[in-house]
Amino acid sequence: MSDFDGLTALVTGGASGIGAATARLLTERGARVAIIDRAVTGDSGFVELSCDITDRAAVDVSVAEAAEALGGIDVLVNNAGIGAIGDVSENDDAEWTHLLDVNVVGTARVSAAALPHLRASDHAAIVNVSSVVAAVGVPQRALYSASKGAVAGLTIAMAADHVREGIRVNAVLPGTAATPWIGRLLDQADDPDAAAEALRARQPIGRLVEPDEVAHSIAYLASPLSASTTGTLLGVDGGMSQIRLPS
Ligand SMILES: NC(=O)c1ccc[n+]([C@@H]2O[C@H](COP(=O)([O-])OP(=O)(O)OC[C@H]3O[C@@H](n4cnc5c(N)ncnc54)[C@H](O)[C@@H]3O)[C@@H](O)[C@H]2O)c1
């Protein structure tokens, strides 16, 4: 018997990186899993819904299709997200609006669509994917950090709103994780090797976080075994938010 046996889970951004690792792990632990992504491959083995989470009508349709295909939704993982580089002067209004639309409003949009299904579950849980940069300032991440801080605030507000409906809401705050996203980021660097070493060095564990490690923390928060855990912001950051090593 596994903790997710008989449960269903919907993972946004499930076609890549942390979302794909989470979809795989929840499946291994017994859940039936659907993914929402704007770039589904057709061969993931999960129920796949092609959907951009900035489109409310498409989100409503995809969440309904996921619930229909799975027979309900017990767990929602709001993982889809995009990044931005720059200080507060370097992203134009269109980029601010778009990134917040994906990372913040997208989380709210998918959650709102899933609420009726979560209310019908005996083990309802939402896990949002924030970031260590919600809690720690790093250079050149003004817009992205603002979005992930908003996701952290949204998480505790949603936890309060829905606790008496039996829906738990928590978030993970990953450090820099070895996903295709970071590969793309390093490709843009003048010296990718030096940039990779800098990312490893700023995390006390001295390496990047593995997507599977974030998936395990998401599964911990989503599991019915964590039924008293709500409104928790869980660091998965290699010690970056809490530890200072002598240099
Ligand atoms: N990789 C890291 O270092 C890191 C650190 C902290 C937090 N995070 C967060 O983890 C989450 C996943 O990141 P990842 O590194 O796995 O990235 P990734 O780029 O590998 O995967 C993100 C997935 O989200 C999907 N997606 C993006 N925008 C979408 C949209 N509008 N509609 C539907 N799907 C969309 C993409 O198609 C992709 O499959 C993001 O929210 C990111 O902010 C990542």
How much accessible area does TYR220 have with a 1.4 Å probe, in Å² rounded to the nearest 10? 120 Å²
Using only Cα atoms, locate the centre of segment 84-161 and the centre of segment 12-56, then give the distance between them in Å, rounded to an integer. 18 Å
Given H placed 1.01 Å from N in the peptide plane, which residues other than close sequence neighbours of PHE46 have an amide H under 5 Å from its amide H? none
Got a sec to turn the phi values of segment 236-247 into Karplus ³J(HN,Hα) couplings, 6.51 cos²θ - 1.76 cosθ + 1.60 with θ = phi - 60°, whole Hz, x for Gly and Pro? 9, 10, x, x, 4, 7, 10, 10, 10, 9, x, 8
Could you give me the ³J(HN,Hα) list for segment 97-111, computed from phi with Karplus coefficients 6.51, -1.76, 1.60 and θ = phi - 60°, whole Hz, x at Gly and Pro? 5, 5, 5, 5, 4, 6, 6, 9, 5, x, 4, 5, 4, 5, 4
For segment 79-118, convex hull volume per residue from C-alpha positions, Å³: 61 Å³
Taking amide H positions as placed 1.01 Å from N in the peptide plane, with prolines and chain starts having none, which residues 5 or more places from ILE126, or on another chain, fall under 5 Å of its amide H? LEU76, ARG168, VAL169, ASN170
For TRP181 the rounded accessible area (nearest 10 Å², probe 1.4 Å, non-protein molecules ignored) is 80 Å²
Can you tell which of THR107, GLY137, HIS123 lies farthest toward the positive end of the dipole of the chain, using +1 and -1 charges on the Cβ of basic and acidic side chains (Lys, Arg; Asp, Glu)? HIS123
Would you rank VAL63, VAL136, VAL105 by solvent-accessible area, highest first, keeping every protein chain in place and using a 1.4 Å probe? VAL105, VAL136, VAL63
Under a plain spin-label model, where a point goes 7 Å from the Cα along Cα-to-Cβ, how far apart in nm are SER226 and SER2? 1.7 nm
How long are the semi-axes of the equivalent ellipsoid of the chain, taking √(5λ) for every eigenvalue λ of the Cα gyration tensor, in whole Å from largest down? 28, 20, 18
Below 8 Å between Cα atoms, with a sequence gap of 6+, how large is the relative contact order for the chain in percent? 20 percent
Under Karplus coefficients 6.51, -1.76 and 1.60, residue-wise ³J(HN,Hα) of segment 171-186 in Hz, glycine/proline x: 9, 9, 10, x, x, 5, 10, 7, 10, x, 4, 5, x, 5, 4, 5
Let me check something: with ligands and nucleic acids excluded, how do HIS98, HIS162 order by accessible area (1.4 Å probe), largest to smallest? HIS98, HIS162
State to the nearest 20 debye the size of the charge dipole of the chain about its Cα centre, where the only charges are +1 on K and R beta carbons and -1 on D and E beta carbons. 720 debye
Taking Cα pairs under 8 Å and at least six residues apart, what relative contact order does segment 1-135 come out at, in percent? 24 percent
Evaluated at 10 °C with a viscosity of 1.306 mPa s, what Stokes-Einstein diffusion coefficient in µm²/s does segment 41-115 have when Rh comes from the Kirkwood expression over alpha-carbon pairs? 115 µm²/s
Degrees separating the helix 192-201 axis from the principal Cα axis of the chain, which is the longest one: 70 degrees
Provide the solvent-accessible area of ARG56, counting protein heavy atoms only and rolling a 1.4 Å probe, rounded to the nearest 10 Å². 120 Å²
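The values are calculated or read from the model by the stated rules, or taken from the named source; none is laboratory data. None of these values were measured; they are calculated from a predicted model. Here the Cβ is made from the backbone with ideal geometry for all residues, glycine too, and neighbour counts use every protein chain on show. The area values use the complete protein model at the heavy-atom level, side chains included, leaving out ligands, DNA and RNA. Shrake-Rupley method; radii C 1.70, N 1.55, O 1.52, S 1.80 Å.
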